[in-house]
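Presented below is the structure to which this report refers.
A short reminder: the numbers here are calculations on the coordinates, not readings from a lab. None of these values were measured; they are calculated from a predicted model. Cβ: placed from backbone, ideal geometry, glycine included. Neighbour counts: every protein chain shown.
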Amino acid sequence: MVTTTKTKTASNTSKAVELETVTVRFVGDSGDGMQLTGSQFTNTSAIVGNDLNTLPDYPAEIRAPAGSLGGVSGFQVNFSSKRIHTPGDCLHALIAFNPAALKTNLADLDHGGILVVNSDAFSQSNLDKAGYESNPLEDGSLDDYKLFAIPVGKLNAEAVADTGLSTKAAGRCKNFFALGVVYWLYERPLEPTTRWIEQKFAKAPAVVEANCKALKAGYYFGETAEIFPLTYRVPPAKIPAGKYRKITGNEATALGLVAAAKLADKKLFYASYPITPASDILHELAKRKNCSVKTFQAEDEIAAVCAAIGSSFGGAMAVTGTSGPGIALKGEAMGLAVIMELPLVIINVQRGGPSTGLPTKTEQADLLQAIYGRHGECPMPVLAASTAPDCFTMAIEAFRIATKYMTPVLLLTDGYLANGAEPWKIPSVDGLPKIEVKHPTDPDNYHPYQRDENLSRPWAIPGTPGLEHRLGGLEKDALTGNVCYLPENHEKMIHTRAAKIAKIADDLPLLEVDGDQSGDLLVLTWGSPFGATTTAVEQCRERGLSVSHAHLRYLEPMQKNVGEVLSRFKRILIPEMNLGQLSSRIRSLYLVDTISLSKVQGKPFMIREIETKIEQVLSEI
Amino acid sequence: MSSQIPVEAVKLTAKQFASNQDVRWCPGCGDYSILAQVKKVLSNIGASRENTVFVSGIGCSSRFPYYMDTYGLHSIHGRALGFASGLKAYNPDLNVWVVTGDGDGLSIGGNHLLHAIRRNFDINILLFNNRIYGLTKGQYSPTSEIGKRTKSTPDGVIDYPLHPISVAIGAEASFVARTVDVHVKHLADTIERAARHKGTSFVEIYQNCNIFNDGAFQYATDKQTKADNIVELVHGRPLIFGKERTKGIRLNGLSPEIVTLGEGVTEDDLLFHDEKAREPSLAYLLSRMHHPEFPEPIGVFRAVERSTYEDVLQDQVTAAIERGKGDLDDILNEGDTWVVA
């Protein structure tokens with residue numbers, strides 16, 4: 001459904017203030033529907049033409065004990081009339097559904113920010129669970145904020161009283177009541193959400209009626225109760241012309257894989273084992289059978305990668321997707337794909353580790369695992385997406401490299417990119433690069449390990465008469481691929497496999513620098529810190545600081561000019577959500593000093609964290 | 001329902017399935033016999049080289065693909081079925097064989113065995129059971145008998161063994177059989193039946209490792225004793241065994257017992273084999289008959305029809321395409337979109 005960017009404004013009796021960028025966060029129990037509420041707000045903001053960026057933040061437990069601090073689920077939306085690249089540092093408004101949610105999130109609210117709370121949930125028992133000794137709504141501790149205590153539960157119950165729903169079912173509509181209030185506050189239209197409700201609950205008319213009533217009641221409550229002295233307006237963003245949709249990283253990855261298969265005129269095979277935060281790629285692809293996509297939910301991570309390799313041997317565009325723990329399990333099979341030289345894309349949606357770690361939170365601490373994490377000399381290209389939409393581009397790029405160089409390729413994303421949403425300018429399929437894949441059919445002079453100019457061997461597939469051959473994990477003769485234990489042959493094969501991967505650098509675009517091409521400081525990033533760094537560097541440059549930004553999407557091999565780019569700057573700052581893995585890699589590859597900015601809290605960088613570090617580094621030069 | 005094996009116009013000979021690689025099993029190994037019979041079966045069923053794929057894991061048996069002039073994958077330890085599953089799911093037209101052993105298939109690869117069997121891919125699993133680790137030079141395996149002294153169990157094995165046929169039936173395999181490396185005709189017939197079965201065929205082959213576990217199955221192979229120690233399963237026929245074929249198996253409640261024909265017992269009193277029974281209970285009961293208490297059954301324990309994973313998956317793909325072929329442009333433009341002028 002296409003809509004124009006014209007913003008519907010409310011018949012507003014309060015004064016409206018125009019803002020450039022706003023960040024709001026919805027927080028409540030994990031059963032309160034915060035993810036749904038946040039994604040509806042996101043969707044509506046996208047449709048009215050804002051640039052946006054989101055950060056869903058949910059606990060590992062599906063339903064932690066109600067009212068507990070550990071059970072708080074949140075969804076942050078940053079929306080703007082200019083280009084933005086992060087979910088926002090400080091909150092303009094916090095919508096808290098219970099005391100626990102208030103307690104765990106209040107620190108992020110701007111001084112003087114808007115605080116909407118569901119006062120019905122501030123019972124003694126909930127206050128106790130959150131560890132409040134007195135009721136913050138009454139003890140003056142929230143005086144620094146614009147507090148709006150609304151009895152959401154009671155007002156919602158009244159609003160949906162005549163829909164015939166049970167008290168429990170009626171209570172489930174209260175997030176829509178609150179969403180209605182916030183829609184009023186930021187002058188958002190109701191139509192996208194009412195349309196979504198109608199589609200989602202089409203089989204239950206009473207539920208449609210109740211949710212729509214709750215949404216409208218919240219909106220009209222904002223209007224008629226006149227509790228807000230001001231409302232806020234964020235005009236549409238000035239972004240490049242074109243047709244847009246909202247997309248998360250996992251959706252973009254899945255669509256990129258489907259697109260890659262189409263661009264290669266081949267079929268996609270995705271084998272995976274359920275794991276947070278990668279499972280949505282499996283869900284997304286399982287819906288795509290009408291694109292000849294086959295998905296296989298394997299019995300474990302190992303079987304998943306093995307099935308993908310088996311399908312690749314059969315000629316599939318083969319993918320396995322997982323998160324860090326799954327990569328650890330797949331390591332041996334990835335080594336087999338390296339020695340068999342079969343194309344395969346392996347996706348790691350990184351999460352907090354080690355071990356089960358922070359399964360629902362983001363981190364980028366699997367870089368060294370990606371580059372080194374297999375036994376033997378086992379080189380493999382490693383790519384990383386920078387934004388949610390970039391997952392689409394990099395999934396295609398991973399397949400281009402995998403098929404052209406007959407190699408497994410690791411694509412790194414992370415939990416923040418995977419679940420966060422951004423507007424995406426929809427590409428035209430005609431404008432996407434074709435992927436050329438050849439399967440030999442001529443038995444004359446066919447040798448399974450005979451290499452072309454890219455050092456790539458032929459991808460002959462079962463079903464082709466005369467090209468029968470055997471692949472395996474034992475070292476192979478450099479031409480025939482037959483098992484060969486000769487010392488010189490093994491050394492030659494190790495060098496050849498390494499040279500093949502190194503040579504991919506010739507086929508990569510050069511690294512570009514955003515800002516001055518030389519100067520005092522270069523901030524070098526990979527993965528999702530791209531967003532916060534982009535804005536931080538922009539803001540510092542507006543203030544006249546000598547700082548530039550370069551972003552790596554190719555981690556192994558690196559682009560040919562990386563060393564040269566680094567040499568043009570006095571200092572190199574590398575922000576990473578790990579303890580400095582790229583930093584250590586850069587030092588070892590280029591013998592340059594680096595300054596590492598590390599954050600490992602399961603949360604993405606804030607703009608101000610990077611800005612502060614930039615100021616500090618520059619002040620010490 | 002039989003397996004749709006891609007057929008050659010003119011049948012290839014067994015020899016034409018041999019690769020140019022030297023076979024490197026130890027002289028006297030039971031694997032040679034199995035290799036010869038598999039090639040013969042491929043010839044009999046009219047298989048083509050280009051559509052046939054042998055997949056293996058790690059172990060002595062897993063060198064098998066190198067000796068076949070077909071497509072082949074010699075993969076990693078225990079995971080052959082993972083590779084075979086992906087290959088067959090992607091391309092249902094291929095004739096896929098998995099060669100594994102008691103260590104590869106039941107120890108490190110036990111999980112995959114269960115899941116491949118329950119999914120019922122149309123593949124043939126040949127599990128060479130020699131009750132020992134050969135390639136790593138003589139440690140006990142999950143099928144080694146309790147008390148067995150090996151390099152890793154100098155005081156005797158203390159874990160109870162797995163019985164491959166019981167495991168396969170427990171996972172509700174649609175085809176389960178047992179045969180013996182040196183019973184050449186029975187071996188060939190059993191493998192051929194497995195090849196022609198549509199669905200996962202699981203064949204346990206008693207295979208002698210003459211280096212690390214010589215004579216493990218002597219009771220079942222020795223000319224003097226084998227008639228008393230094995231009973232051949234034939235669908236619809238009573239279980240009769242013994243040199244003079246005077247002994248039989250009768251059901252006493254839920255337990256089998258050995259009876260002698262003639263002494264008030266007729267053939268009609270015996271257990272009649274029904275490989276097509278929908279319920280696997282009878283087949284499981286047979287799989288529990290172990291030497292020396294009972295003659296061990298060889299032949300087909302179970303052969304039932306079930307839909308295969310790859311066919312149903314392909315049907316779902318075909319049905320989805322019939323409902324409306326996916327167009328990439330449409331997919332990229334799904335959901336709410338907006339235009340910025």
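A few comments on the model shown:
- Proxy reagent accessibility, fewest Cβ within 10 Å first, across B:265, A:345: B:265, A:345
- Net charge, residue B:104 excluded, C-beta distance under 15 Å - Lys, Arg +1, Asp, Glu -1: -1
- Legend: calculated FRET efficiency, residue A:125 to residue B:323, from the Cβ-Cβ distance at R0 = 41 Å, rounded to 0.05, equals 0.20.
- Couplings 3J(HN,Hα) of segment B:189-195, computed from phi: 4, 5, 5, 5, 5, 4, 4 Hz, in residue order, whole Hz [Karplus 6.51 cos²θ - 1.76 cosθ + 1.60, θ = phi - 60°; x for Gly and Pro].
- For segment B:16-84, trypsin sites (Lys or Arg not before Pro) meeting the loop criterion (DSSP other than H, G, I, E, B) and having at most 14 other Cβ atoms within 10 Å: B:24.
- Counting DSSP beta bridges with both ends in segment A:513-619, the antiparallel % (nearest 5): 10 percent
- Within 10 Å of each Cβ in B:323-331, the average number of Cβ atoms from other chains: 5
- For segment A:513-619: lysine pairs under 23 Å (alpha-carbon distance), excluding those fewer than 8 apart on one chain: 4
- Between B:277, A:126, A:572, the Cα set farthest toward the positive side of the dipole of the protein assembly as shown (charges on each charged residue's Cβ, about the Cα centre) is that of B:277.
- Amide hydrogen neighbours beyond the local backbone of residue A:58, cut-off 5 Å, H modeled: A:74
- Taking other Cβ atoms within 10 Å as a rough exposure proxy, A:197, A:396 sort from fewest to most as A:197, A:396.
- Helical runs (DSSP H, four residues minimum) scored at -39500 (n - 2.57) apiece and divided by the length of chain A put the mean residue ellipticity at 222 nm at -11000 deg cm²/dmol.
- Between the amide H of residue A:476 and those of A:484, distances stay under 5 Å, these residues lying 5 or more places away or on another chain, with hydrogens modeled in the peptide plane.
- Computed from the C-beta positions of residue A:138 and residue A:60, the FRET efficiency with R₀ = 30 Å rounds to 0.35.
- Over chain A, relative contact order from alpha-carbon pairs under 8 Å, at least 6 apart, %: 12 percent
- Cβ neighbours within 10 Å from other chains - mean over A:295-306: 6
- Where only DSSP H runs of four or more residues are counted, chain B gives -7500 deg cm²/dmol as its mean residue ellipticity at 222 nm, each run worth -39500 (n - 2.57).
- Segment A:77-207: C-alpha gyration tensor shape, a/c 1.5 cut-off, then a/b vs b/c: oblate
- Using a cutoff of 8 angstrom between alpha carbon atoms and counting only pairs six or more residues apart, the relative contact order for chain B works out to 15 percent.
- Annotation: amide H of residue A:53 within the under-5 Å range of A:78, sequence separation 5 or more or interchain, hydrogens built in the peptide plane.
- HN-Hα J in Hz across segment A:292-300 - Karplus 6.51, -1.76, 1.60, θ = phi - 60°, x for Gly and Pro: 6, 7, 10, 10, 9, 7, 7, 6, 6
- Only beta bridges with both residues in the protein assembly as shown are counted; by DSSP, about 35 percent of them are antiparallel.
- Each residue of segment A:355-362 is assigned a 3J(HN,Hα), and the resulting list reads 6, 5, x, 10, x, 9, 10, 9 Hz, derived from the Karplus form 6.51 cos²θ - 1.76 cosθ + 1.60 (θ = phi - 60°), x at Gly and Pro.
- Placing pseudo-labels 7 Å out from each Cα toward the beta carbon at residue A:452 and residue B:307 gives an inter-label distance of 4.0 nm.
- Neighbouring partner chain Cβ atoms per residue of B:59-71, average, 10 Å criterion: 3
- Prolate/oblate/rounded call for chain A, Cα gyration tensor, a/c under 1.5 rounded: prolate
- Residue exposure sequence - B:202, A:296 - by fewest surrounding Cβ within 10 Å: A:296, B:202
- Peptide ranges B:277-286, A:350-359, A:365-374, A:502-511 listed from the most packed, as the mean C-beta count within 10 angstrom indicates: A:365-374, A:350-359, B:277-286, A:502-511
- Choice from B:22, B:93, B:327 showing the highest fluctuation, given a GNM over chain B with Cα pairs closer than 10 Å: B:327
- Taking 26 Å as the straight-line reach from the Cα of residue B:40, the lysines in range (excluding those fewer than 8 positions away in the same chain) are B:11, B:15, B:88, B:185, B:198, B:223, B:226.
- Extending 7 Å from Cα along the Cβ direction at residue A:591 and again at residue A:486 yields two label points whose distance is 3.6 nm.
- If R0 equals 56 Å, the separation of the Cβ atoms of residue B:16 and residue B:251 corresponds to a calculated FRET efficiency of about 0.75.
- Three-way shape call for segment A:15-233 based on the alpha-carbon gyration tensor, with the a/c threshold at 1.5: rounded
- Sequence-distant lysines (8 or more away, or on other chains) whose Cα lies within less than 30 Å of residue A:154: A:8, A:15, A:103, A:129, A:146, A:168, A:174, A:200, A:203, A:213, A:216
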